[in-house]
Amino acid sequence: MLVVFSWLSAEAGGTWLKYHFWSGYAIGTLVGFRVLWGLIGSRHARFSDFLRGPTAVIGTLRALVGREPLSYLGHNPVGGWMVLALLGVLGFQFATGLFANDDIMNEGPLYPRV
């Protein structure tokens, strides 16, 4: 929901950019919390519980294509890597937004450090 709101507020521009910034901060906070929780959280929330190697991922993809039933407590191996990809993309978007500049009126809070 925050990603959609960020996109809409960026498209609207003007005074909506204030809300766009706050939405970005909320996304960054949530991503940071999830990464921290993935390192020190409960057993099934930890990345070590659901990130598997290439053999497990390929086996799961074959089972999904073959429409075989899968039984996992939590994320399956493909879903685990998708969680990591989503966190990575959102974290990258957040980080680049901190350094952004539109050359008109708005700058990210870390733009002067570039």
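The condition of being within 28 Å of Thr29 (Cα to Cα), of a type in the set (A, V, I, L, M, F, W, C) and in contact with a Gly (Cβ under 8 Å, 6 or more places away or on another chain) does not hold for Phe92.
Scanning the stretch 87-109 for residues that are within 19 Å of the chain's Cα centre (by Cα) and open to solvent by 50 Å² or more (accessible area, probe 1.4 Å) yields Val89, Phe92, Gln93, Phe94, Thr96, Phe99. Looking only at residues of the stretch 29-60 that are assigned to a helix (DSSP H, G or I) and either of a type in the set (Lys, Arg) or touching a His at 6+ places or on another chain (Cβ under 7 Å) (or both), we find that the one that is least open to solvent (accessible area, probe 1.4 Å) is Phe50.
Against the condition in contact with a Leu (Cβ under 7 Å, 6 or more places away or on another chain) and touching a residue at least 12 places away in the same chain (Cβ under 8 Å), how does Leu98 come out, does it pass?
It is true that Leu98 is in contact with a Leu (Cβ under 7 Å, 6 or more places away or on another chain) and touching a residue at least 12 places away in the same chain (Cβ under 8 Å).
Of the residues screened, Leu73 is one that is touching a helix residue (DSSP H, G or I) at 6+ places or on another chain (Cβ under 7 Å) and not in a helix (DSSP H, G or I). Write out, first by first residue and then by second, each pair whose Cβ atoms fall under 8 Å of each other, whose residues are 6+ apart or on separate chains, and whose first residue, in the stretch 17-28, is part of a helix (DSSP H, G or I) while the second is open to solvent by 70 Å² or more (accessible area, probe 1.4 Å). As it stands, the answer is Tyr19/Phe5; Ser23/Phe5; Ile27/Val3; Ile27/Gln93, since those pairs meet every condition given. Of the residues screened, Ala12 is not one that is open to solvent by 30 Å² or more (accessible area, probe 1.4 Å), within 30 Å of Gly108 (Cα to Cα) and modelled with pLDDT of 95 or more. Taking the residues in the stretch 76-86 that are open to solvent by less than 70 Å² (accessible area, probe 1.4 Å) and in a helix (DSSP H, G or I) as candidates, determine which candidate is nearest to Arg52 (Cα to Cα). The extreme case among them is Pro77. Confirm whether Gly66 is farther than 30 Å from Leu8 by Cβ, exposed (fewer than 13 other Cβ atoms within 10 Å of the Cβ), free of Cβ contacts under 8 Å to residues at least 40 places away in the same chain and not polar (S, T, N, Q). When the stated conditions are applied, Gly66 passes them.
The values are calculated or read from the model by the stated rules, or taken from the named source; none is laboratory data. No experiment lies behind these values; they were computed from the predicted model shown. Cβ coordinates were reconstructed from backbone atoms using ideal geometry, including for glycine residues, and neighbour counts include every protein chain displayed. The area values use the complete protein model at the heavy-atom level, side chains included, leaving out ligands, DNA and RNA. Shrake-Rupley method; radii C 1.70, N 1.55, O 1.52, S 1.80 Å.
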